[in-house]
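Data block below; observations after.
The values are calculated or read from the model by the stated rules, or taken from the named source; none is laboratory data. Treat the numbers as computed from the prediction; the structure is a model and nothing was measured. Heads up, the Cβs are rebuilt from the backbone with ideal geometry, glycines too, and the neighbour counts pull from every protein chain shown.
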Amino acid sequence: MPFADLGLSPELVQAVKAKGYDTPTPIQAQAIPSVLMMRDLIAIAQTGTGKTASFVLPMIDILAHGRRRAMMPRSLILEPTRELAAQVAENFEAYGKNHDLKMALLIGGVQMGDQVKALNEGVDVLIATPGRLMDLFERGKILLTGCDLLVIDEADRMLDMGFIPDIETICSKLPTTRQTLLFSATMPPPIKKLADKFLSNPKSIEVARPASANVNIAQHKVLVPSARNKRDVLRTLLRSDNVSTAMIFANRKTTVRELNKSLQSHGFSSGEIHGDMDQSSRIATLDQFKDGKINILCCSDVAARGLDVKGVSHVFNFDTPWHPDDYVHRIGRTGRAGATGRAFTLVAPEDLEAIDNVEKLTGMKIPVYEVETGKTSDKPERAPRERKAREERAPREDKPRREARAPREEAPAREEAPRAARAEKPRREERPRREEREPAGEPGEWNGPIPGFLGISAL
Ligand code: AMP
């Protein structure tokens, strides 16, 4: 089915064509007609499925009619991280180029003054992270009573980051007659509860997980005798597997940093992105990667989650992720939107339990890749070396269990502390405004120039 048959305006279909897309992805084909008919929507879909355009496109047509008013955004998109918010903003810029719509981005790490100014001028689309939005709302700088369309994106990620109470508060400030679209990769009970409470008669859509269904990703695991061998094996793979662009994931920020240094010292053109970096450095590195100035990006899960970096030929899991869901997200960076990609997971003895969990989640055994021969064994059973390592490893009780383990070093890259943690702050009247306290922004905040897509722009 072509885009023109989904009920979108000719201007919009033209903007989609200009981006090079002819055929809607399954989620777009299912979601767009319903959203245009003003129905609520629950979509179980991950990044990589084309889900962003499935709400951005119909929103542009819906918002094409109507007037902007000061301080009262007409629609609101909630995103868990700054990077995702910026990415949605980029989508609005590209698809909305033939429409006169105004957009504002409300994210941490950017000075509030400009954001407030944009709100005062009136915006059609407000893209926000919950923390910053609540902050402005509490300061009386924004009214949500004119907001007839709400998108909650990456709801399960919001749950991980403790944002659900904020979202509930935000939902209760919007008109009850609004249209609500909820996107989530999974549907854990708290998200189901949120949907039951705040959506009315929603259409439900579920699209296949890219990881389990995406035949465009060739997945391999490489068994290494010890974690010490990983760098060596990785370099061999980087040199031998026709790598044009690669994202390399590690479980700890320190590993990301050390790995990047080591790769650079071996002559690779690499960069790093992780939660310890300030926003401007993260964006600068990402831009270098997108522009091809570096071709290898070492990353942590939180910093890289959902980032749409096109044409990544390879994903390497330097460590097997502790959360099996993260595996799905990581390898989803390659093999995107029709392109083919390769994913390698380095498995040392301490990764065995994690890789087991990944295989349980995806429902498939990942074939073992022999670096020396470049061959893959499709043996359904565990390889002997792996079994031996498993037998030798410490008893199960000694291993950190998922529930009991220390919080990931890579704590979610929160925009601001979630509401539960912020509850202890004095009320608005008692505390000085942020601009007054720290005119230059919070320590570690980004005070430099705002790149085009992070700023405020007329579409
Ligand atoms: P998303 O799931 O929104 O992160 O999108 C994943 C990637 O698919 C992005 O690079 C989009 O630009 C791209 N994309 C979106 N819609 C289409 C389409 N209809 N055909 C091909 N690629 C698309």
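Of note:
- Checked against the criterion of being assigned to a loop (DSSP other than H, G, I, E, B), assigned by TED's automatic domain parsing to the domain that holds residue 138, more than 16 Å from the ligand (Cβ to nearest atom) and in contact with a helix residue (DSSP H, G or I) (Cβ under 7 Å, 6 or more places away or on another chain), the candidates 66, 109 yield just one match: 109.
- Some residue of region 346-366 being assigned by TED's automatic domain parsing to the domain that holds residue 238, crowded, with 17+ Cβ neighbours inside 10 Å and either in contact with a Cys (Cβ under 7 Å, 6 or more places away or on another chain) or assigned to a strand (DSSP E or B) (or both): yes
- Boolean, residue 120 is at pLDDT 90 or above, out of contact with any Pro (no Cβ under 9 Å at 6 or more places or on another chain), surrounded by fewer than 18 Cβ atoms within 10 Å (Cβ to Cβ) and within 25 Å of residue 67 (Cβ to Cβ): yes
- Any hit, region 6-28, residues being within 23 Å of residue 171 (Cα to Cα), crowded, with 17+ Cβ neighbours inside 10 Å, away from the ligand (no atom under 11 Å from the Cβ) and of a type outside the set (D, E, K, R): no
- Test: residue in region 26-46 that is assigned to a helix (DSSP H, G or I), among the β-branched types (Val, Ile, Thr) and at pLDDT below 95: yes
- Residue among 32, 77, 42 that is closer than 21 Å to residue 200 by Cα, touching a residue at least 12 places away in the same chain (Cβ under 8 Å) and more than 15 Å from the ligand (Cβ to nearest atom): 42
- Residue tally, condition more than 13 Å from the ligand (Cβ to nearest atom) and either farther than 20 Å from residue 117 by Cα or of a type in the set (D, E, K, R) (or both), over region 82-104: 7
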